[in-house]
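Let me begin by presenting the structure, written as structure tokens, before commenting on it.
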Amino acid sequence: KPGDRLIILNMVGENDVPLGSKGTVKRIYNDPFQPGSSIIEMNWDNGSTLSILSDVDDYKIINTK
């Protein structure tokens, strides 16, 4: 949920957010192209705002708000 802290374990095809990066969830909404999946908008600690795609990217919740 918004405010949760995550760590990225695997992000398919992206280099802007290195593995092990941490960030804060900004917003979560349904992926219009992948039914049953979500897009997780992020504010990464390195300044990136690249979103997580729940059906292909691996992450772990490290802190809940």
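The values are calculated or read from the model by the stated rules, or taken from the named source; none is laboratory data. Because the structure is a prediction, the values reported are computed rather than measured. Neighbour counts are summed over all protein chains in view; Cβ atoms, including those assigned to glycine, are modelled from backbone coordinates with ideal geometry. When the accessible area is computed, the model is the full protein with side chains, heavy atoms only, and any ligands, DNA or RNA have been set aside. Shrake-Rupley method; radii C 1.70, N 1.55, O 1.52, S 1.80 Å.
Could you check how many residues of segment 3-31 are modelled with pLDDT of 95 or more and open to solvent by 80 Å² or more (accessible area, probe 1.4 Å)? Here the count works out to 5.
Residues in segment 45-65 that are surrounded by 14 or more Cβ atoms within 10 Å (Cβ to Cβ), among the hydrophobic types (A, V, I, L, M, F, W, C) and under 14 Å from PHE33 (Cβ atoms): LEU53 alone. For the condition of a type outside the set (Ser, Thr, Tyr), without any contact (Cβ under 8 Å) to a residue 40 or more places away in the chain and under 19 Å from ASN63 (Cβ atoms), ASN15 does not qualify.
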